[in-house]
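**Q** Please read through the structure below; I'll follow up with questions.
The values are calculated or read from the model by the stated rules, or taken from the named source; none is laboratory data. From a predicted model like this one, the values you see are computed outputs, not experimental measurements. Because the Cβ atoms are built from the backbone with ideal geometry, glycine has one as well, and the counts that use them run over all protein chains shown. With ligands, DNA and RNA removed, areas are computed over all heavy atoms of the protein, side chains included. Shrake-Rupley method; radii C 1.70, N 1.55, O 1.52, S 1.80 Å.
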Amino acid sequence: MAKSDPNWSDVDDYIVEHLIGDDPVLDACLAANAREGLPAIDVSSAQGRMLELLARGVRAKYILEIGTLGGYSAISLARALPDDGHLVSLELEPQYAALARTNIERAGLSDKVEIIVGEAISSLAALEESDRPRFDFIFVDADKENYAAYLDHAIRLSRPGAMLVFDNVVREGEVIDPDSSDPKVPGTRALYAALQKHPKVDATAIQTVGSKKWDGFLLGIVRDD
Ligand code: SAH
Ligand code: DHB
Ligand code: MG
């Protein structure tokens, strides 16, 4: 089976043209990221809008993101927030975080977004020690090797009923291969294993095709019973 089909990207263009339209702020974000040499691994335009709609749908007021890159998904998520809402985004690379702050400033969202630089595992431990409110929505899109650990932190940091989204859980189908040569696969498989009959999270995963080829996202809800 073909692992990529040029139609996928054309259909994404059609979706964006009809349902999303021009977005100079996000275009400027991608242009700045390219100028600074960041990898083009942001969520797609359609996925960014989906994150915004999911967060709006659950009326998220406190959102956590793991993996900021240049702030593309952070801008998408922050757009869902009410005036007194807040997004915390965790990023390892200081240079990426600095550019994300510039991009978020240009989007007029600086008041709502806080980027914490460092290893996400350490930042998550610090967040757990703090007396911040629990998160309503958590988007995980950083190093796949730590996905199972991020799940544990996400459960502890979220309120019952919170929505969890994990990016890149299909990886062109590689996820079903226990002997995959893709080093990110074992970490993703550990996430699925942890969620198999998980007592606290109900989950599904949806495969996607489009400008980011064949991949998928995992959607979970922290149980409130
Ligand atoms: N969510 C972004 C894309 C994130 S790409 C968007 O859609 O716009 C993954 C990001 O995770 C990269 O910026 C990478 O530097 C960061 N990352 C990788 N390992 C990390 C770690 N251990 N702690 C924190 N961030 C990490
Ligand atoms: C990679 C990471 C991502 O978050 C993504 O959306 C696509 C690719 C990667 O590290 O290869
Ligand atoms: Mg991703």
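Yes or no, residue by residue, for (1) surrounded by 14 or more Cβ atoms within 10 Å (Cβ to Cβ); (2) among the charged types (D, E, K, R); (3) touching a Ser or Thr at 6+ places or on another chain (Cβ under 8 Å):
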{"position": "D12", "(1), (2), (3)": "yes, yes, yes"}
{"position": "L26", "(1), (2), (3)": "yes, no, yes"}
{"position": "L38", "(1), (2), (3)": "yes, no, no"}
{"position": "A55", "(1), (2), (3)": "yes, no, no"}
{"position": "K61", "(1), (2), (3)": "yes, yes, no"}
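**Q** List every residue pair whose Cβ atoms sit under 6 Å apart, with the two residues 6 or more apart in sequence or on different chains, where the first one lies in the stretch 123-151 and is modelled with pLDDT of 95 or more and open to solvent by 30 Å² or more (accessible area, probe 1.4 Å) and the second, anywhere, is part of a strand (DSSP E or B) and of a type in the set (S, T, N, Q).
**A** Taking only residues 6 or more apart or on different chains, the pairs are R134/S158.
**Q** Select, from A80, A34, the only residue that is more than 13 Å from ligand 2 (Cβ to nearest atom) and either open to solvent by 30 Å² or more (accessible area, probe 1.4 Å) or part of a helix (DSSP H, G or I) (or both).
**A** Step by step, each of A80, A34 is checked, and only A34 is more than 13 Å from ligand 2 (Cβ to nearest atom) and either open to solvent by 30 Å² or more (accessible area, probe 1.4 Å) or part of a helix (DSSP H, G or I) (or both).
**Q** Just one of L69, L30, L64, L38 is under 15 Å from I138 (Cα atoms) and within 16 Å of ligand 3 (Cβ to nearest atom); which is it?
**A** The conditions single out L64.
**Q** Turning to a different aspect of this structure: Which of (1) open to solvent by 20 Å² or more (accessible area, probe 1.4 Å); (2) touching a Gly at 6+ places or on another chain (Cβ under 8 Å) does L219 not meet, given it meets every other one?
**A** (2) is the only condition that L219 fails.
**Q** Of all residues in the stretch 163-216 being basic (K, R) and surrounded by fewer than 19 Cβ atoms within 10 Å (Cβ to Cβ), which is nearest to S73 (Cα to Cα)?
**A** Taking the candidates together, the pick is K213.
**Q** Quick check on my filter: what residues within the stretch 168-207 are among the aliphatic types (A, V, I, L, M) and more than 18 Å from D141 (Cβ to Cβ)?
**A** If the condition is that a residue be among the aliphatic types (A, V, I, L, M) and more than 18 Å from D141 (Cβ to Cβ), then I176, A193 are the ones that fit.
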